[in-house]
Amino acid sequence: MSKPRILVQLDTDDQPSVFDSVVAIDADVAHLLRHHGITPKNVVERVHGAIFTRGPDELRNTALFVGGSDVELGEQVLAAVQKAFIGPLRCSVMMDSNGANTTAAAAVLAAAKHLELSGLKATVLAATGPVGQRVAWLLARAGAEVRAASRTLPKAAKVAQALSAKSLSGRVIPCASSTPEELQAALADSALVVAAGAAGIELLPASALSAASQLKVAIDLNAVPPLGISSIKVTDKAAERDGRICYGAIGIGGAKMKIHKAAIQALFETNDRVLDAAEIYEIGRGL
């Protein structure tokens with residue numbers, strides 16, 4: 001008889017995320033082991049505890065989940081986890097710190113329902129944040145020309161350079177968006193805009209939105225008022241407003257939850273999967 005499914009939750013915060021714990025349970029994990037305060041240094045002991053307690057043929061029923069609010073730290077922990085594996089003694093691992101990967105995947109998949117991504121001209125507002133970076137990369141990976149917008153051009157340029165170093169079919173172009181003129185230029189000819197800014201910050205006011213004549217789809221990932229895009233409601237899900245298809249954060253949230261649960265379940269298919277942004281996006285495409 002096969003061993004029960006165990007998910008080891010590795011959270012970088014002071015307390016493990018209740019959200020991630022509930023999703024894991026709803027994804028039919030038999031046992032959830034929650035750890036907090038995880039760093040690249042102390043994660044090795046947890047990884048070894050997971051891989052040394054079951055034989056290689058049973059490690060498909062053990063999986064790791066890297067979470068927490070600090071996405072950069074989560075990336076470092078994910079790298080440390082992979083280094084701690086020893087040959088066949090390894091288990092599948094998923095990284096979704098601050099929900100960045102699942103949220104970005106859901107946003108890009110929503111856009112793909114209405115627009116052909118290859119050759120698409122798109123703008124990502126607050127593209128220097130963790131979700132914005134992943135949205136921009138997933139779009140460019142699919143062949144889009146992405147304007148990565150930030151309040152300052154140097155920050156946008158740094159992110160665009162980093163994303164362009166990865167495998168892309170399209171390209172990432174840095175731009176500033178702190179003034180009305182810069183925002184108008186960032187949106188020029190774009191058929192898609194995704195606002196991925198911090199909670200409670202309006203990135204796209206009504207005047208700039210109405211002036212973006214080529215815009216067909218607008219996605220706002222901020223759920224806290226004031227919302228990131230003026231006139232979009234947080235519950236919008238493919239709602240038509242002024243001739244545009246609009247999504248709010250809750251409208252995207254349903255797909256994000258399905259992707260998150262499906263990714264957790266996919267961890268137990270084999271013992272060697274590493275689920276980061278690209279892999280989680282592909283899981284979402286298959287739903």
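Just a few scattered comments:
- Only a single item in (1) assigned to a strand (DSSP E or B); (2) modelled with pLDDT under 95 is not met by Ala218, and it is number (2).
- The stretch 28-55, subset in contact (Cβ under 8 Å) with a residue 40 or more places away in the chain and surrounded by 19 or more Cβ atoms within 10 Å (Cβ to Cβ), residue farthest from Gly68 (Cα to Cα): Ile51
- Residues that are over 19 Å from the mean Cα position of the chain (by Cα) and either among the aromatic types (Phe, Trp, Tyr) or in a strand (DSSP E or B) (or both) within the stretch 253-276 comprise just one, Phe268.
- Scanning the stretch 202-215 for residues that are outside any helix (DSSP H, G or I) and under 21 Å from Ala110 (Cβ atoms) returns Glu202, Leu203, Leu204, Ala212, Gln214, Leu215.
- When every residue of the stretch 165-180 is checked against the conditions, at least one turns out to be buried (at least 17 other Cβ atoms within 10 Å of the Cβ), outside any strand (DSSP E or B) and among the hydroxyl-bearing types (Ser, Thr, Tyr).
- Every residue from the stretch 193-207 that is over 24 Å from Asn98 (Cα atoms) and either crowded, with 22+ Cβ neighbours inside 10 Å or aromatic (Phe, Trp, Tyr) (or both): none
- Scanning the stretch 234-252 for residues that are part of a loop (DSSP other than H, G, I, E, B) and surrounded by fewer than 17 Cβ atoms within 10 Å (Cβ to Cβ) turns up Thr235, Asp242, Gly243.
- Scanning the stretch 126-137 turns up one or more residues that are farther than 20 Å from Glu282 by Cα, among the polar types (S, T, N, Q) and within 18 Å of the chain's Cα centre (by Cα).
- Total residues in the stretch 1-40, condition within 15 Å of Met257 (Cα to Cα), more than 19 Å from the chain's Cα centre (by Cα) and assigned to a loop (DSSP other than H, G, I, E, B): 1
- Extreme residue, surrounded by the most Cβ atoms within 10 Å (Cβ to Cβ), among residues of the stretch 56-84 that are under 18 Å from the mean Cα position of the chain (by Cα) and small (Gly, Ala, Ser): Gly67
- Looking only at residues in the stretch 253-268 that are crowded, with 17+ Cβ neighbours inside 10 Å and not aliphatic (A, V, I, L, M), the one that is nearest to Ser97 (Cα to Cα) is His260.
- Restricted to the stretch 277-287, and to residues there that are in a helix (DSSP H, G or I) and either of a type outside the set (A, V, I, L, M, F, W, C) or at pLDDT below 95 (or both), the residue that is nearest to Leu64 (Cα to Cα) is Glu279.
The values are calculated or read from the model by the stated rules, or taken from the named source; none is laboratory data. Keep in mind it's a predicted model, so treat the numbers as computed, not measured. No Cβ is skipped: glycine too gets one built from the backbone with ideal geometry, and neighbour counts run over all protein chains shown.
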